[in-house]
1. Can you find, among V282, A178, F389, the residue farthest towards the positive end of the dipole of the stretch 9-402? Put +1 on the C-beta of Lys and Arg, -1 on that of Asp and Glu.
2. Could you work out, for the stretch 9-402, what percent of all Cα-Cα pairs fall into each 20 Å distance bin, beginning at 0 Å and stopping at the bin that holds the largest distance?
3. Compare F102, F306, F151 in a GNM of the chain, Cα atoms joined below 10 Å, and give the one with the largest fluctuation.
4. Quick check on the stretch 282-346: take the gyration tensor over C-alpha atoms, sort the square-rooted eigenvalues as a ≥ b ≥ c, and tell me if it's rounded (a/c under 1.5), prolate or oblate.
5. Residue by residue through the stretch 45-62, what is 3J(HN,Hα) from phi via Karplus (6.51 cos²θ - 1.76 cosθ + 1.60, θ = phi - 60°)? Round to whole Hz and write x for glycine and proline.
6. Taking a cut-off of 19 Å, what percent of all Cα-Cα pairs in the stretch 26-172 are separated by more than that?
7. Got the relative contact order for the chain handy, in percent, Cα pairs under 8 Å and 6 or more residues apart?
8. For the charge dipole of the stretch 314-411, defined by +1 on Lys and Arg C-beta atoms and -1 on Asp and Glu C-beta atoms about the Cα centroid, which residue among N369, I315, I379 has the Cα displaced farthest towards the positive pole?
Amino acid sequence: MRLPVKTGRRNEDLYQNNIFWLKILSIFRSMYFVVPVWVSMELQYITLTQVAIIEIVCLASALFLELPTGALADLVGRKTSIVISFLVSAMAYLTFAYADSFLWFLIAGLGFGLGDALLSGALEALVFDTLKQNGKEEQFSEINNRNQLIFNYSIVFAIIVGGLLFTKYYHLPAILTAIAFLIASLVASRFMEPDIDSEKFTLKNYLLQTKMGFKELFKNKQARDISLFYILVGSLTWPIVISFKNFSLVDLGVSEKNMGFIFAFLSLFAVQFLHILIRKKVFDKMKVVFLMPALLLSVFLPLSYFYNVPSMIAIIFVVFLVSSMRWNILGKLSNQCYSSKNRATAISSLSMMINLIYILSLGVFAVINEFLPDAVRLILIIMSLCSIFFLLPIAIKLKNKYRDKVLVTYD
């Protein structure tokens, strides 16, 4: 049953307030000055295999905390969860700035995992419920993409500056990232909490919320189809977005300064291009929603066979583009499938599943890297085969299934 949309002055104030502060938050949460340099920072003290192990631990901590923190956000509020997430991440980046051993990089990684878990699901759920309370759910993709544009224009600055500063002062990129996240926590405190069908926080409700949020992913055939496709797309893009793009370009001898320029402009161009596609309503057709990401990955990921700088630049651009589609296009579909009471937990469940596959890919990489010199290339080739033989056939099936159907929205 669809609940009636609440009206009134508070709803309009909620909408105006949260959309405004979301724009400001997009600026400060984008200040990842460490993007082009984090692998180089760790490689000064540890091996690439140890870097992968730390990433596994970081992801594992986020994985185990995804559902608990998602349930926490559903029960005590998205705003509280978001504020705490940025505070935890800021402390982790300060630790990372002065880490000089495997142990300290590991401690920082655990902090990153907790911060990501607290943010995952909570922010997206806050945005969607803000729109839903005002009957403006259809604006989700446009608003999400607009804020991602702000995010990417800002991260262009942060990435370029981080690459340039690294050669002058080793610690500064991570310190500046920590400061930006502290400011982000203050900005997040300005959000207003949307009205959701929540219950009083108790251990019993907490465990029940976790269970119900996970069940949202598969509660009916529509939710199952969207959730599984979302997870598969994320599993083939997120590991490259976070880790393997750095691993590959460091392996190919690209400097931190040049990586800063490459990552900044490819990310910006990808999001700007997606923004144009959304404005032209390309994704109004369900067949495009499913086929475009699958075709792009199936065509471009196999370029990893050549494994040189030009081919990797092409792959990174396409992965940035498809990853943005996941957040803005598939994210809208998945949100429509989940009820507001369980939305943050359900979104966290999606992230948990993606992180699980990410951990497995890093584990395979760590083993291969100990015995073979082309570990990054081999992992990317495996991912390209998965795209061709798994993602593309599933996309074709879903395209035919939902070609003329309208998705049912659940409250």
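All of the numbers you see were taken from the coordinates with simple rules; none came from a lab. Source: prediction; values computed, not measured. Ideal geometry is used to build each Cβ from the backbone, glycine not excepted, and the neighbour counts take in all protein chains shown.
1. Going by the Cα projections, it comes out as V282.
2. All Cα pairs considered, the percentages come to 28, 62, 10, 0.
3. Evaluated over the chain, the most mobile residue of the options is F306.
4. Details: a/c = 3.63, a/b = 2.19, b/c = 1.66.
Prolate, since a/c reaches 1.5 and a/b exceeds b/c.
5. 10, 9, 8, 5, 4, 5, 4, 5, 5, 5, 4, 4, 5, 4, 5, 5, 5, 5
6. Details: 6417 of 10731 pairs.
Of the Cα pairs, 60 percent sit more than 19 Å apart.
7. On the way: 668 pairs, mean separation 115.7, N = 411.
Taking the mean separation of contacting Cα pairs over the length of the chain, I get 28 percent.
8. Looking along the dipole axis, the top candidate is I315.
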